[in-house]
Every structure is written in structure tokens, then in C-alpha cells.
Amino acid sequence: MTLEITHVSRSFGGVRAVQDVSLRVRPGQIIGLIGPNGAGKSSMVNLITGVLRLDTGSICVDGRDVSADTIVGVSRAGVSRTFQNVRLLRDSTVLENVALGLTREDRSSTLRCLLGLPSARRELRSIDEQAMRILDQVGMTAYAHHIASALAYGHQRRVEIARAIAVEPKYILLDEPVAGMNDVEAAELGELLKALAAKGIGILLIEHNMAFVHSLCSHIYVLNTGNMLAEGTPAAISAHPAVIAAYLGA
Amino acid sequence: MDLLAAYQPLLDLFLISAGFALSQYVVLRAGVFSIATAGLVSIGSYLAAILMTTYGVSIWLAAPAATLVGLAFGLLLSIPLARLRGPYQAIATLAFVQIMLALALYAEPLTGGAVGINNIPKQVSTLGLLFCVALTLYVLGSINRTRPGRIFDALRQDEGVAGSLGISIAFHHTLAFALSGAIAGLFGALQAGYIYSIVPHQYGFALVAGTLAAVILGGRRSIWGPVVGAAIMTVLPELARPLADNRLLLIGLLLVVMIVFLPQGVVDGLLQLRRRRRGQLEATSKATPTTTGGMRA
Amino acid sequence: MLAQQLFNGLVLGAVYALFALGFNLVFGVHKIMNLAHGAVFMIGAFAGLYGVLGGLPLWLAVLVAALCTGLLSVTIDALAFRPLRTSSEAEFAVLITSIGVDMILVNLALRVSEAHTMRFPFGVVPVEPLLVFGLRITPLQLVILGAALLCGALLAWYLYRTSFGRQVRAVSSNERAAMLLGVEPRAVYFQTFFISGALAGIAGVLIGLAFNSISFSMGEPYLLRGFVVLIVGGLGSLPGAAVAGLALGILQTLTVAYFPSGLTDLIVYSVLFLMLLVRPNGLFGGAIADARMARR
């Protein structure tokens, strides 16, 4: 049972965005993916989640090859994500945003929905109730009916994570989740991620904030100009000469 | 009673326009930039007109038939349009409208060519129109209160997010097209059964723009948006002669002014105002939001 | 015979190309799809006509018309498009306002012309056809071809040999980066819209001369034909617009000559639809149009 990324490469024109990168996330682990700007981290996220085509290599979710799957397919295989620039539905409420993650649980058929049958409406209400419970997990119930775009950035981040949790994923990819947060907010997010991992979700954390990564991750991968530079425990990585050089030189 | 009789044609015109606007609204709501409604309406109109004049079929059969055919064409359209977004969808659907227009002009033995079809028995009453509009509003309202409504909202705002949550974009776009086609087909048939004669050029650019204007004016989110928009579009030319004479100018001005100053439309704009007032109340009544909102697992 | 039809098609295609070049310039640089382009074209025809009626020689009337439509185009951008630059749904909004502007302009032209179809006075261009290689070539056709070639060459020179043009191309590939490098976006918008409008105006006068009819509704079929050129050639590609414009002119002329009338429109729009189905990028297009849920 792993999220297995094996020998993945992708080029754009002549530029090699990602070159022969392999990494692995197990359920319950928090794995870090770091690297200077332009290292290929965003490309990795897009390759894993179905946005970009793989030139070489494979992505397997618990043994199932999703290398050719679309965004929809990868999501249904159990991989969830957040975005570098928080992507919430701006005109919808916080509750509607989180409930969107639960829509797949709404079993009412399209016909029932067209006819407006009470059962279909009930399903939606139950989805909303579930969404409230998830909002509770991230401490945002007070904002349930606020319009998403009106929220502070840190709060928007929390809502996006709530939405990513809502799909009950096996693995979550978080793309720079604490960017723009202060230490207190980051610490709270850290606690949330530990709790999620404790529940058995595998987390891949793409981040710049070194302290955050070191405090949470059991294993860290370092990318530089598309290649895997190093991997190891936080202690090993912070002492690694090549890693230090890459960050200083970047 | 005389007063009602005087305004009845206006009411009927409004109801038919509302139907067209609702057909246009459905696709825009789902984030599909299709302006094919005029073409789909023409299919419904011509089908009903031919059935009613050549085969003596009553509107009770012609209208459901047109609805089904409209639905089928909506489904068909969704296939090529699945690969396109934004301006490309708009152009493709405009091309579809033009193709239908060209067909209507060319297939003279069937459609009467430029002369169109005349002497269509008038079998559609105000009551019938009211019923159909109510039915359409019910179905679309049901969608808004259930799962597809939420998904349409999401697709309209950020398709990629919906996809990343495992929602099938293609299915819901197809659904929107099918609904749009069905509604257009129905009201096309109703129009044919109301105005005695149809000609190809009433299904061209003017109808596209007028229908679009109604939806932009009224709003693209709430089901009452297109209804209010159609009402305004119907009543405005009646208020003053110059307005009626310069209908195109009016539509054009409305489109520009609305998009720049009130892009959500009248209905959604009012709803948003109400929500904002409520939102502000909520923010001040609860305790000052702290960053330690307490994240638990 | 065939060669004659091909030549006639080429001439018509030259005008289509001029029309499409203007449209594509704005779309390619700013991603704005200006549906009012057809109305600008129509107003160019009127402007040229009034210039000639006012006693100007043809070449001057064409220049004046180009100036008018260039300024009109810039005004449209300032009033209808600029307020929407920062909107979250800019693409959609711009399309809507351009439809609105189109309707306003057409209605104004309708009022002014009182729905009459107008004509250029006889003899503005010498009518005697020349016989070259067995082809009947009228001086007007030469004027059209010449004007189109000149405009094309001037546009190419402007874009690739002047500093203004370089700025335009910079904005086209990345507006924000261009701004950081000191390019003034307003100046670029002014230039692209001006040139686009001027090209449309010239095309309008030429078509008004060629078919000897100018009416308030003449813009719409050209706008629609313009779409065909743009999609087939590739949205945003100038060489594509030129090639596809010529091809469409030839296709149009041949179908009118050899097929029953009324079928022409059907064929042309079906080509458009098919192209969108099969290859939405067009022959030369770079803009990514295929939105199917597939890995990129």
C-alpha cells in the first residue's frame, strides 16, 4: 500500500522539468518534497495528479497504475491535492466549497434531481451536515456561510484543506500550504496534518518553509533542476553538503 | 378584462422569451459558453411547424416531440463542444446557428426556404405557456436544490477544482447541453404554434443577442434571473417608441452597460447585496475571529 | 473557366485575409475576441464612400477611412474592453460587450443610412478589364490585390522591424513580463487596436467597391466568414490568417460557381464546424484550444 512514483520524467520543448525522479509515500507518513525555485516541484505535483503527461516512468496508487489517468481518474483513485494559489470557488460559501468535496457521496440519480424529489434534496442536506463536521475539524465552522473570497488568506487555506480531506483520500498532496501563514497558524496546520497522518492518510508536503518541513516529515526528498538531489531524514538533509550548496547557490 | 386582453400578447411574448432565456441560462450556469439556443429553437420551431401544417399533428404531440428532438441535438452538440472552451465554444455554437439558418434557407421543399412556413394553426394559449414556463422553472429549480446545481456552480467558477475532486466534467456539461436543447426545442415549438408563421431570419444573430442579453441582464445564477431579464427585455421596447424602433441599439447598450457595471445581473446582484448585509452582521456578532480557531482532528 | 474563378477567389480571399489579420492581431496579442470587428469594417466602407462623395480621390478616401476606423477601434477598446481588463471572467465579458458594441454600431448605421444600400459613384476605379494570360482582370481587382499586399507587407515590417512592433510581440507572449521590462501596455493596446481597425476599414472600402454595395448589414457575413478564416488558419496566427483567408476566398468563389446557390453558406460553416471538431488549433495556430480532460 503505497503511492509509488517511479522514474518519472517530463520535458517541455528542450527543457527538462523533471528527470528520472522516484519517490514513495506510505499511509500514515508525512513526506517532504523540497527544492529551490524551478526545481520541478510543481511539475511533480501536476504529473502525479493527472495534469501533465509522463514522458517516462509510472505513478501507482496502492498498486493501481494511474499514469495515464486524467485529473478525475487520479482523484477517484484516492489522491487529493491543494493548490499553490488557493483555488476556492470564490462566489460560493465556505460550506459549499467543502461540500463540493463530498458530492461524490451524494448517491441521488440525476433523474431524481431533475424531478426535485425529497430524497435528492435530503441527500444534499446530509452532505452539507457532513461538510460542517469537516469544517469543525479545521476550526472553521463559524465561517460556514461566508463567501469564500471574503476570507483571510490563512482561513482560505484551511478551507481548501478541509475540501481536500472531504473526498476521504488515501493520499494528499499539499502544495506550499503554509506560504503566507504566521508561526501560530503554521503550527496549528502542523497539528492538523499530524492528526490526518495518524488516521492513516499519506501526506506529500511540498514546501519552502524549512522549519515546518523538518518538524513534520519523517523523510524528505530534495529536488534541484528536475533531478533528485538527495533524500533522507530531516537531520541528514540539513547536514547534506549538496543540499546546502543548492540552496545557497539558487 | 379588457385590460388583460390588451396585455395578453405581451405576456405571451414574455413567456416565450423567458423560455428561450432559460435555455441559454442553463448552459452558461454550467460554465459552458454556448450560444446555440437560437439554433436549437429553430429546430423545435420548424419541426413543430412541419408536423402541424403538413401532417396535421396537434401541438400536444408536436411540442413533446420537439422537446425530445431538441434534447437529442443538445446531446449531439455536446460531443464536439467537449473539446472546446470559452471563445471557441462561442464560435462553434455561432457556426451551428448559421448552419441551421443556411439549412432552413436551402431545404426549400421542407422548410419553405426564405418564405418560411405559414398558416400554422394557433394552438398555444397563455395558459399553456404559463404551464411550460412553470414546469421549466420547477425542473431547473430542482437542479439548483440538488447535487447537479452545486456541480454546475463549481464548473462555472473553476472547472479544474471540480475535476481534482473526482467530478465528471464531461457528464455535467452534456447534461447542461441536453437540458438547454430540450427547453429550446419546447419553446421553439410553442412559438411556432403561437405566431402563425415562421421565417428563417428570426433565428439568427438578433435572437442570439436578445436571448443572451436577457440572461446577462437578469443574472446567470438564480433561475429568476433569465425570467426577470426576459421581462425587462419585453417591457422596455413598450415604454417608448424610440426604444422600440432602436431595439438593437437598446440590446447592445444593455449588454455593454450590464457587463461593465453589474456583471452578475439584476437578480443575482440584489441577492448578493442581501447576502453581504447578512455576512457583515455575522462577522460582527461572533467573537473576533482568532487565528487559534482550534484545529482539531 | 477554372483559372478565372481561382483568380477571382484569390482577390476575394485577399480581402478576407485583411479582415482576418486585423481580428487576429488583437486576439493574438491581447486574447480579446472582438465581435464588433465586422461593424468596424462596415463603417470603413461608409467612411470611404463619404470621402469619395465629398470629392476626395480614392486613395485619400481609403486613408481617411482607415484613420476613422482605426480611431473607432481604439475607442471601442477604451470604452468596452478596458474597464474589463481586471475582471475575473474577462474573456466572457469581453465577448459580450463586443456583441453589444456590434449591435450599437449596426443600429447607428441603420439610422444614418435609413436602411438604403448605397453605391460608389461610377468611375471611381476604371472599369475596363485587362486581358492577361487569358484572364479577365479588372483594375479594381488589381487595386484590391495591391492594397492587400501593401498592407500585409507594412504589417510584417511594423511587427518585425520596428521597436513598436517588438513591444507588441513582447506583450503578446507575456504581458506581465513585458510590463516589467518597461513596455507601456496602453501604448500597445492603442497600436494594436488602431491597426486592427484600420485594416478592417480598408477591407470595408475595398469590398464596397468590389461588390458596389454598402449597407449597414454588410458586416455580419464577413464577421462570420472571418471566424472561418481564423479557426482554419489558427487563432492568433497572422500567417495562418493570410493563408486561410486566401483559401476561403477561393473556396467561396468556386462553390458559388459550381454548386447551387445557398449551398455555399452551408459548406463554409460546415468547414468551420469540422475544423473545430478535428483541429481547433487550426493549421498554424498555437493557442491551446483542446480542453478535453487528458494529460497535457
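Using label points projected 7 Å from each Cα along Cα→Cβ, tell me how many nm separate A:His7 and B:Leu75, to one decimal.
Result for the modelled spin labels: 4.5 nm.
Using Cα atoms only, what is the angle between the long axis of helix B:59-81 and the major principal axis of chain B, expressed in degrees (0 to 90) to the nearest 10?
The angle comes out at about 60 degrees.
All other residues with a Cβ under 13 Å from the Cβ of C:Ala93 taken together, and with Lys, Arg as +1 and Asp, Glu as -1, what is their net charge?
Net local charge, C:Ala93 excluded: +2.
Based on other C-beta atoms within 10 Å, arrange C:Ile195, B:Ile99, C:Ile202 from fewest to most.
B:Ile99, C:Ile195, C:Ile202
Using the number of other C-beta atoms within 10 angstrom as an exposure proxy, rank C:Phe41, C:Phe190 with the fewest first.
So the residues, fewest neighbours to most, are C:Phe190, C:Phe41.
Under a GNM of chain B (C-alpha, springs under 10 Å), which listed residue has the highest mean-square fluctuation: B:Pro148, B:Pro242, B:Pro226?
Maximum fluctuation in the GNM of chain B, among the listed residues, is at B:Pro242.
Apply the Debye scattering formula to the stretch A:89-168, with a single equal point scatterer on each alpha-carbon and no solvent, then give log10 I(q)/I(0) at q = 0.13 Å⁻¹.
Per q value, in the given order, log10 I(q)/I(0) is -0.39.
Sorting A:His7, B:His173 on the 10 Å Cβ count, fewest up front, what's the list?
A:His7, B:His173
Please give the per residue volume of the convex hull enclosing the alpha carbon atoms of the protein assembly as shown, rounded to a whole number of Å³.
188
In the stretch C:7-33, whose amide N lies under 11 Å from the spot 7 Å out along Cα-to-Cβ of C:Leu135? List them in ranges.
C:7-12
Considering only the other residues whose Cβ falls under 14 Å of the Cβ of A:Leu23, what net charge follows from Lys and Arg at +1 and Asp and Glu at -1?
Counting the neighbours of A:Leu23, the net charge comes to 0.
Anyone know which of A:Leu205, A:Leu229, A:Leu95 comes out most mobile in the 10 Å Cα GNM of chain A?
A:Leu229
How high is the FRET efficiency between B:Leu236 and B:Arg278 when r is their beta carbon distance and R₀ equals 45 Å, given to the nearest 0.05?
0.90
What residue among A:Ala99, A:Ala162, A:Ala144 shows peak mean-square fluctuation when chain A is described by a Gaussian network model with Cα springs under 10 Å?
A:Ala144
What distance in nm lies between label points placed 7 Å from Cα along the C-beta direction at A:Ala245 and A:Arg133?
5.3
With only Lys, Arg, Asp and Glu charged, each at its Cβ (+1 for the first two, -1 for the last two), find how big the charge dipole of the protein assembly as shown is about the Cα centre; round to the nearest 20 debye.
740
What residue among A:Leu3, C:Gln141, B:Ala62 has its Cα farthest toward the positive end of the dipole of the protein assembly as shown, where the charges are +1 on Lys, Arg and -1 on Asp, Glu, each on the Cβ?
Looking along the dipole axis, the top candidate is A:Leu3.
Students often forget the sequence filter, so: which aspartates and glutamates lie under 15 Å Cα-Cα from A:Lys41 once same-chain residues fewer than 8 apart are removed?
A:Asp20, A:Asp175, A:Glu176, A:Glu207, A:Glu231
Give me the distance in nm between label points sitting 7 Å out from Cα along the Cα-to-Cβ direction at C:Leu154 and C:Leu58, one decimal.
About 1.7 nm, to one decimal.
Over chain A, calculate the relative contact order: mean separation of alpha carbon pairs under 8 Å at least 6 apart, over the residue count, as a percent.
It rounds to 29 percent for chain A.
Could you give the C-alpha radius of gyration of the stretch B:7-284 expressed as a fraction of 2.2 N^0.38 Å, taking N as the number of residues it contains?
1.00
I need to check one value: relative contact order of the stretch C:14-216, counting alpha carbon pairs closer than 8 Å and at least 6 residues apart, in percent.
Once normalised by length, the contact order is 44 percent.
We did not get these values from a lab; they are worked out from the coordinates using the rules stated. Since we're looking at a predicted model, the values are computed, not measured. Note that each Cβ is placed from the backbone with ideal geometry, even for glycine, and that neighbours are counted across all protein chains shown.
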